[in-house]
Structure formats: structure tokens, C-alpha cells
Amino acid sequence: MRFMLSILLAGIFLGQTTTAVPAAHTQVRLLLPVETARPGSTVVAGIHLKMDADWHTYWKNSGASGIPTTIQWELPAGLTAGEIQWPVPEKLPPEELTTYVYENEVVLLVPLTLGTDLKPGPLVLKATVAWLECKEKCLPGSAAVSAKLNIGAETKPTTDAALIQAWQHKLPGSAAGLSPRAEWEPGATSDERGLILEWNSTNTASTVDFFPEASETFEVQAGVQRLAAAAGKIRLRKLVKKFQGEWPAEISGLLIERMGAESSGHNLKVPIAGSPPTQPETSALPGQGLWKMLLYAFIGGAILNVMPCVLPVIALKILGFVSESKSEPRHVRKLGLLYALGVLVSFLALAALVLAVKAAGHQAGWGMQFSNPQFIVGLTTVVTLVALNLFGVFEVNLSGRLLGTAGNLASKQGGAGAFFNGVLATVLATPCTAPILGTALGFAFTQRAPVVVLIFATVGAGLAAPYVILSWQPGWLKFLPKPGAWMEQFKIAMGFPMLATALWLFSLTTIYYGERSWWLAVFLVFVSAAAWVFGGFVQRGSRRRGLALGMTLLVLTAGYVWALDGQLRWRSPLQDASSEGSLPHAPEGYVWHAWSAEAVAQGRAEGRPVVVDFTAKWCLTCNISVAPAFETKPVIEKLKQLKAVALLADYTRYPPKITEELARFDRTGVPLVLVYPSDPSKPPIVLSEPLPYPAPYAPTLLEALDRAAREPN
């Protein structure tokens, strides 16, 4: 430290324009080509990273691992920094884990624009540079750099001007003069496609390649195949792997030509000729592809029936079957089909929502409606009304208005009740995922509209199937208890799980309204009072029913105007005030940090296994199965023993980065648990989807952690 201070003081004393700051195996300097510059001019600054022998840092697309270097500027008023200009990198094998790097040294160039109104005199330019340096292991580095620039009438170069100019010659040129073109190769699998690149060249390059820019939706594989080409042309083949969405319509990156030890690059950004490849026809592949996903969708939909989200509706269906056990078989079958219709219509509506979101250019995901605070407020109110109706606060009848509608539909045994039960089951199922359902949905969300609709309809068919089968087998109804007075008590008892569902939904509003969410509770008190007046004095009263109805409307209006709209301000939720590192519902017993791709890379660079829990506050399976498993003593002790890095990816507010990360693993929602071995060359272990109970999942976590520990470094 004293040595560095001496260098700094000596530099200031001698009038040097740069400050050198070594960190670990990389030294960093801020270079300026001039000591004095005129207002209105542009100065190309350089961030000089000099690595120890055999160490390297990364290009803007680091490849299969690594992190690009970043620069955080602190500039005086009147100066503006442009984008980083990246010299041509090197390609570091092995092919299955290719990275794009700079070895020994590199100068990253940044144009600085000087305002025309700058006054003569000295200015201090500062920046914080962060990088990842790697050899056999990787270490994150960071350093603050600074330089002095005088504003004056003339331009005076520095001793670093030649170095900056030399690295400017190593920047990639334009590919426009090479007449480049790109086209898809005929034939494709569901997620891989050959890409042909061709350009004019008079060079007899010994090696040619294409270094792609980074993308979240697809990856250009590292392997390259040089193809025969006409004279004066270069032609090569790269393999493209798609993670999500449509195939890319254009490609960008660097065309690389190497002659001996010298490499040159050309910036390429061209459309890909030919229409985007269509998905392969999988209907002719029994047991694979589309048929396999449809089977997963049906089984996953059936499993949703035993998920905690849907249990309250199951109770209502049991009550309905008991009530109808003595009815005509035709009537029972009709009710089963109407319930199935309600489920299917709801799932088709969800499919339409997914397609609309995708058409708007956004990411779509399972349970995404729970990121809408108004939806949660409305659903909480509806489920509260259902509970009140089951408690007998107000009765069900076709002439009911306002309050009667939601509660009426929820528990009546007629056709409307059967249909609405199907709708309610679908809505309450969306914050849950079932084993293998996530695989089917992950497949669906990357397909075209007909496949999306087909997969969603199949999930709905799976959810409705048990009740349709029971309704079409009247003989099975004899195993149910006979109708009697107990049914009224059972109906009241079923109000409690429905009320628990309302409380759970209410807890989600704190995400969007903070302390204001208690005003929703006040509004629900008004709703309950209005339901009591309506049931006791309108439906069951004999005098002044008009006055009672007026009181019902008055109480509802007062609750809405004062509590819901005035105090809760339900149409104006809070912005996401939580910091990126805040973890409002991390498992207890171990230290958790917020997920980011950089945090994963840093943990693995330190030689530690990394555990990532993708979760959300509205995900019941996450909170009653995964989180309790992480809090069991054996799992906590194993995490401590391995010194694992535990990262929480909070999907509660549907952040796009986590949506993209889930899509990389063919998932559309949570839960998802990944365990990364400490060896960066090893792929993550993707854990199976949990059942909705805490006990069985802890052994799954322990087995994955043991596997990660056994992976050789």
C-alpha cells in the first residue's frame, strides 16, 4: 500500500496523467492520448488491463463462462462517455466450454465527448473497472482509476498516445465491403439449426471463424466447419441452439480471419436469408416430441387436483357429487361436462393471454397474472365472498345481484355452479406447478400458437378428467355418503379452507402495496358487512327489504370509495422499492444472497458449489415444499459443510431476467432448484419438481448436494 501511495504521489509530482492500480493478477490504468484537449472535441480514452502470464480477462461476450469487464465512469459535468470499443479477442478452447478472452493485455477504448462550453483548466476523470481474471481458477477484480485532462486551446499528446493508437488498429473493421450473407441450412431439430456464413475475401487465411455477440434466446456453438467456396469467397458453417422464442431473423458478431499469429475481425450484422425455420413435425414420432409433451401435460394437469391451491375447490366438488348422487345419471354427466367446460375455457383464455404477451414482445410465464396487483385484489374479494357464502352469511339464488353472483356461482349445485367451479379451479391452480407439468409448459411456451393452445387444453383436460370420469360412472357415487343434515355442516366446514385461501391471497398484496395493504382488510370487512345485511335482511328478511338493499349498496360503496380506492389506492401500487439484494422470504438457517448470473459465476470462481432457489411469494409449492426442505437440519448442515453459495431468485414480481433464466432450463415458472458443482466446466444439476409436501424434498436436495461435492475439480 505504501508502495502504491509512493507511485501515486510521484505521478502527481511529475505531472503524469495516469494512475496505475494493480489488483491480484491484473494491473489497470486509465490512458489518455492527450494532456490537453479543446472543448467540443472527442478524446479516445483507454482502459489498459495488463494480466500476468497465462491469465486472461473476457470480451463483451464471454462465452460459456466468465464475465465481461465493466467500466463505471465518474466524469465532470460536460464530459460524456460512449460505448466500450472492444478489440478482437482470442477463442479459448476446449470447444464444449469455449470462451472469448484477452490474454496478457488489452486496451478497451472509450470515446469521451467534451462539451463546447467547458472552461479552460484541469479536469479529473475517474472510473471503477471490474473484471474477472482466470487461469486454472478465476478471481473477480476491481480497481478505481483516474487521469487528469487539461482543457485548453491546443492539443498536446501523451506518451500513451502510441499505445492507444496501436490498439485502435486492433479494433474490428466494418464487414460492409465484404458483401457478407447468412442463411439457414435446410433441416433442423426442435432446438438446433445449421447457419451458413459467406463473405468475400482476398486473404489466404489459414483459420476463419465467427465470434457471436451474446444472446439470451439462442447460442451460436463454438465449433466451426469451413466449407468449400468459390474463388475469392469464404464460407463456413456454425450450429445455432435456440433456448426460447422464434429463431433469430438476424445475426451479429465478428467475422474472424487469422493469418499466422495475426487476427483481424469485421463487425457483422446481417439478416438471415430464408424464412424462420418451422418446428419439426413430431406427430409422426409416437412417444417423443409433441406426443410426449401432451402426455406430460395431461398427467401434470391431473396432479394439480392434489396441489394445495386447488384443495378448496375439490371440497366443493365432493359436496356437489354428494348432493347429486340421487339425481338422474344424465344430469350428473351434464354437470361433470359443464365443470370440464369451465376448466377448458379458462385454460384457453390463459393460452390466449400467453400468445398476446408473446406477440407484444414480452416474456410469458406460468402464473404471470399473479404479478398483477389488481388481479390479486379482485381474486381475494371473490374468494372471500365464496367463503362467506359457504358459512351461510348470504344464500345462493339465481336472482341475486352484486354480492350474490360470485358466492352464488361458487357453491350452487346447478350448471352455473359447475361451470364456475371449473373456472375457479383453474385460477387457483396457476400459482402451483405439478411434477412434469413444468416440462410440458416449458415446451409449450417456445412453440407456435396451435401447439400452445393444444398443450394448455391438454392440461385443462387432465385437471377436469377425474370429475368427468366420476360423473360418467354413476355406480361409483354409491361409495359417497348419503345426503343428509351433515352436508350443511360439511359446507360450513369447507368455508375454512376457502377463507385460508383468501388470507393467503391477502398476504400477497403486501408485495405491491406495503403497509397500505391493511386497507384491503378494511374493505373486506365492509364486503362482509354488506354480505350479512344482504343475506339477513334482503334474502331472508320480510320487511323493508328495499331499505336493506340500499344499505347493502351504501356499505359497499363506502368501503370502495374510502378503503379500497381512497386509502389502499388499489389502482396505484407501489413501485418495486425493494433493493436488488433484499430477500424478503429466504429460507432460514443459512445465509442467502440475491441471485444474479454474476453471483453464480463468482461463487464458482471461488471453487464453491452454488445453489439457486427460484421461488415466489405467491408460489404455494415453493413455500410449503422447497423452503421447508432447505430449512431442515441435514440440508443446513450440508450447505455449511460444503461452504455452498446459496442464491435466491425471487420471481414474485415476474422480473424479466429471471424469466429468461428459467427459459434457459425449459421452465416457465417456479419452483426450480439448481445446484452448480464448484467446477465451472460442469453443468448445473437440475432438481426434479417437488410434490406439495415438505418431507420428501429434503432427500432430493441432499442427493444433489452430494453429487455436486463429488464432482472433481
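What number of residues within region 204-247 satisfy the criterion of being part of a loop (DSSP other than H, G, I, E, B) and open to solvent by 20 Å² or more (accessible area, probe 1.4 Å)?
Start the filter on region 204-247 by keeping residues that are part of a loop (DSSP other than H, G, I, E, B), which leaves 204-206, 213-217, 228-232, 243-247.
Filter again for open to solvent by 20 Å² or more (accessible area, probe 1.4 Å), leaving 204, 206, 213-217, 228-232, 243, 245-246.
Counting residues in region 204-247 that are part of a loop (DSSP other than H, G, I, E, B) and open to solvent by 20 Å² or more (accessible area, probe 1.4 Å) gives 15.
The rows are residues; the columns are (1) open to solvent by less than 80 Å² (accessible area, probe 1.4 Å); (2) in a loop (DSSP other than H, G, I, E, B); (3) modelled with pLDDT under 85; (4) in contact with a Ser or Thr (Cβ under 9 Å, 6 or more places away or on another chain).
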position	(1), (2), (3), (4)
Phe537	no, no, no, yes
Gln575	no, yes, yes, no
His585	yes, yes, yes, yes
His593	no, no, no, no
Ala599	yes, no, no, no
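If I go through region 633-655 residue by residue, how many of them are open to solvent by 10 Å² or more (accessible area, probe 1.4 Å) and of a type in the set (A, V, I, L, M, F, W, C)?
Result for region 633-655: 3.
For Leu236, are the conditions met, namely being modelled with pLDDT of 90 or more and more than 27 Å from Pro656 (Cα to Cα)?
So Leu236 passes the test.
Do you know which residues across region 59-87 are part of a loop (DSSP other than H, G, I, E, B) and more than 22 Å from Tyr100 (Cα to Cα)? If you could, list the steps in order and put the result at the bottom.
We begin by selecting, within region 59-87, every residue part of a loop (DSSP other than H, G, I, E, B); these are 64-69, 75-78, 82-84, 86-87.
The answer is Leu75, Pro76, Ala77, Gly78, Gly82.
Looking only at region 656-678, count every residue that is of a type in the set (A, V, I, L, M, F, W, C), open to solvent by 30 Å² or more (accessible area, probe 1.4 Å) and touching an Asp or Glu at 6+ places or on another chain (Cβ under 8 Å) and tell me the total.
Number of matching residues: 0.
Leu316 passes all but one of (1) open to solvent by 40 Å² or more (accessible area, probe 1.4 Å); (2) at pLDDT below 75; (3) of a type in the set (A, V, I, L, M, F, W, C); which number fails?
(1)
Yes or no: region 620-632 includes at least one residue that is closer than 22 Å to Asp679 by Cβ, touching a residue at least 24 places away in the same chain (Cβ under 8 Å) and either open to solvent by 50 Å² or more (accessible area, probe 1.4 Å) or not in a helix (DSSP H, G or I) (or both).
The answer is no; no qualifying residue exists.
Is at least one residue of region 409-420 at pLDDT 70 or above, open to solvent by less than 10 Å² (accessible area, probe 1.4 Å), within 35 Å of the chain's Cα centre (by Cα) and not aromatic (Phe, Trp, Tyr)?
No - not one qualifying residue is present in region 409-420.
On the basis of being under 24 Å from Ser517 (Cα atoms) and at pLDDT 90 or above, does Trp562 make the cut?
yes
Looking only at region 36-54, which residues are farther than 13 Å from Val129 by Cβ, surrounded by fewer than 20 Cβ atoms within 10 Å (Cβ to Cβ) and not β-branched (Val, Ile, Thr)?
Those that are farther than 13 Å from Val129 by Cβ, surrounded by fewer than 20 Cβ atoms within 10 Å (Cβ to Cβ) and not β-branched (Val, Ile, Thr): Arg38, Pro39, Gly40, Ser41, Asp52, Ala53, Asp54.
Would you point out the residue of region 248-271, among those that are outside any strand (DSSP E or B) and surrounded by fewer than 20 Cβ atoms within 10 Å (Cβ to Cβ), that is farthest from the chain's Cα centre (by Cα)?
By that ranking, first place goes to Gly260.
Among the numbered criteria (1) under 22 Å from the mean Cα position of the chain (by Cα); (2) surrounded by fewer than 17 Cβ atoms within 10 Å (Cβ to Cβ); (3) not in a helix (DSSP H, G or I), which single criterion is violated by Ser681?
Looking at each condition in turn, Ser681 falls short on (1).
Hey, does region 169-180 have a residue that's under 20 Å from Asn61 (Cβ atoms) and open to solvent by 50 Å² or more (accessible area, probe 1.4 Å)?
So the first thing to find is which residues in region 169-180 are under 20 Å from Asn61 (Cβ atoms), and the list is 170-175, 180.
Next cut, open to solvent by 50 Å² or more (accessible area, probe 1.4 Å) only: 170, 174.
Checked against the condition, which is being under 20 Å from Asn61 (Cβ atoms) and open to solvent by 50 Å² or more (accessible area, probe 1.4 Å), region 169-180 yields at least one hit.
Taking region 86-130 as the region of interest, how many residues are of a type in the set (Gly, Ala, Ser) and loosely packed, with under 13 Cβ neighbours inside 10 Å?
Total satisfying the criteria: 1.
The values are calculated or read from the model by the stated rules, or taken from the named source; none is laboratory data. It should be emphasised that the depicted structure is a prediction, and the values quoted were computed from it without experimental measurement. We place every Cβ from the backbone using ideal geometry, glycine too, and count neighbours over all the protein chains shown. The accessibility values were calculated without ligands, DNA or RNA, using every heavy atom of the protein model including side chains. Shrake-Rupley method; radii C 1.70, N 1.55, O 1.52, S 1.80 Å.
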